[in-house]
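Inspection log for the structure reproduced underneath, given as structure tokens.
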Amino acid sequence: MLTAPQFWDNRNLFSRLLSYALWPLALIYGWFLSLRNVAQDFNFAKAAPVPIIIVGNLRVGGTGKTPIVIALALQLKALGWHPGIISRGYLSADSKKKSTHYHATKLREAIEVTPRSDPAIVGDEPVLIAQKTHGTIPLWVQANRRKSIAALLNKNPQVNVIISDDGLQNFGLPRWPAREGGRDIELVVRDSRGEGNGFLLPAGPLRESALRERDATLMTSVEIDSATDPNYFLEQRAVYLSPEIGLAYSLNDHSLQYSLAEIAQMFAPTTIVAIAALGNPSRFFACLNEHGLEPRCIALPDHSSYSSEFFAEIKAECILITEKDAVKCRHIVDERIWVVPMKVTLSTDFMTWVISIISRPDPRLK
């Protein structure tokens, strides 16, 4: 996973000059995207037999897709649908070196994920999704998403809608977008960083143009600055989501739970440390601050792995981590570690719209 350099989001003179110096490479990347999109218009990819909902982002790094995938799957299931989930299964560089199964996962076979799967093999986010959906929703990982779809449907023929965790830029993932009359949905997840400096890779953080068409934009922060492009939401469906913080629970005893306000009273501010290995760790740290905590914050590269030795070196009485980090800490015994859960809830209006799309008859059969 590419780590975002600071100049992508800074607006100072040095950052601008660096972005402009890389602009020729971004231009080449843009030409490649255009050629790929033209090829995709010929619909070379074989259509999936069920509707697909793609939850993706335009910029490099996490924007909060995983909680949305979880919420979407659980709410669809509660409404009587039989969802399945596919994911690429990102690994940290360290996990790739350690995992003897990595190349098999990446190149040859799709792997089913359960709540007890090893995140070093299938990725931390898929394991988290499996745990939060209680293993009741089929989930498969593979870099080739068509293989994931085939494996998922072969073992779970009852699945009637597939949610793809990421994949907006995946050429081989078939889709007929809802806005074009199809029954597949493309969702762009956008956080408080917006589009950064607005440049494509490598001059900026964007995988695709900020003006890329989509069926809806899901906003994971109320701090988004729409002044970057006043026409960004013109004639587009935009949904604002408010992450909800639950009771923090002990890593080694999930029955032991406290609110963040209680934790703030239990420990002195100077003895609390927060750790996050996310695409945008500042979002987690900001949530803690909003709930009255002022911990010392340690941001790690996305998908980083953990060890007992790592935590032993941290001088603190209370260590706060995310649930995504917790799936990689099952082997660690440390009573100082508390897991802070975060979730989102999709509105009834949004879910009604989603169901109206995926309930459409297959337009290819007309």
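Taking the conditions (1) surrounded by fewer than 24 Cβ atoms within 10 Å (Cβ to Cβ); (2) within 15 Å of the chain's Cα centre (by Cα); (3) modelled with pLDDT of 95 or more in turn, R88 satisfies each one other than (3). Scan the range 322-358 for residues that are among the acidic types (D, E) and surrounded by fewer than 22 Cβ atoms within 10 Å (Cβ to Cβ) and jot them down. Hits for the range 322-358 are E323, D334, E335, D349. Out of the residues in the range 117-126 that are part of a helix (DSSP H, G or I) and out of contact with any strand residue (DSSP E or B) (no Cβ under 9 Å at 6 or more places or on another chain), state the one that is nearest to V339 (Cα to Cα). Taking the candidates together, the pick is D124. Looking only at the range 270-290, count every residue that is under 15 Å from I337 (Cα atoms) and either among the hydroxyl-bearing types (S, T, Y) or surrounded by fewer than 19 Cβ atoms within 10 Å (Cβ to Cβ) (or both) and tell me the total. The number of residues fulfilling the criteria is 1.
Within the range 91-116, the set of residues being in a loop (DSSP other than H, G, I, E, B), at pLDDT 80 or above, open to solvent by 30 Å² or more (accessible area, probe 1.4 Å) and farther than 22 Å from A71 by Cα comprises just one member, E109. Over 27 Å from A47 (Cα atoms), of a type in the set (V, I, T) and open to solvent by 40 Å² or more (accessible area, probe 1.4 Å) - does that describe any residue in the range 197-220? Checking the range 197-220: not a single residue is over 27 Å from A47 (Cα atoms), of a type in the set (V, I, T) and open to solvent by 40 Å² or more (accessible area, probe 1.4 Å). Looking only at residues of the range 71-81 that are out of contact with any strand residue (DSSP E or B) (no Cβ under 7 Å at 6 or more places or on another chain) and touching a residue at least 12 places away in the same chain (Cβ under 8 Å), we find that the one that is least open to solvent (accessible area, probe 1.4 Å) is Q75. For the range 258-309, the set of residues classified as over 30 Å from G89 (Cβ atoms) and among the hydrophobic types (A, V, I, L, M, F, W, C) consists of L260, A261, I263, A264, M266, F267, A268, I272, L293, listed by residue number. Tallying residues that are open to solvent by 20 Å² or more (accessible area, probe 1.4 Å) and either assigned to a loop (DSSP other than H, G, I, E, B) or without any contact (Cβ under 8 Å) to a residue 12 or more places away in the chain (or both) within the range 139-155 yields 3. Evaluate the range 291-313: report whether one residue or more is open to solvent by 70 Å² or more (accessible area, probe 1.4 Å), in contact (Cβ under 8 Å) with a residue 60 or more places away in the chain and out of contact with any Cys (no Cβ under 9 Å at 6 or more places or on another chain). Yes, because at least one residue in the range 291-313 is open to solvent by 70 Å² or more (accessible area, probe 1.4 Å), in contact (Cβ under 8 Å) with a residue 60 or more places away in the chain and out of contact with any Cys (no Cβ under 9 Å at 6 or more places or on another chain). Whether a residue is within 22 Å of G61 (Cα to Cα), touching a residue at least 24 places away in the same chain (Cβ under 8 Å) and either more than 24 Å from the chain's Cα centre (by Cα) or open to solvent by less than 20 Å² (accessible area, probe 1.4 Å) (or both) was assessed, and A261 does not pass this test. Residue count for the range 171-182 satisfying the condition of being in contact (Cβ under 8 Å) with a residue 60 or more places away in the chain and either surrounded by fewer than 22 Cβ atoms within 10 Å (Cβ to Cβ) or under 20 Å from S347 (Cα atoms) (or both): 7.
The values are calculated or read from the model by the stated rules, or taken from the named source; none is laboratory data. This is a predicted model, so every value here is computed, not measured. Because the Cβ atoms are built from the backbone with ideal geometry, glycine has one as well, and the counts that use them run over all protein chains shown. With ligands, DNA and RNA removed, areas are computed over all heavy atoms of the protein, side chains included. Shrake-Rupley method; radii C 1.70, N 1.55, O 1.52, S 1.80 Å.
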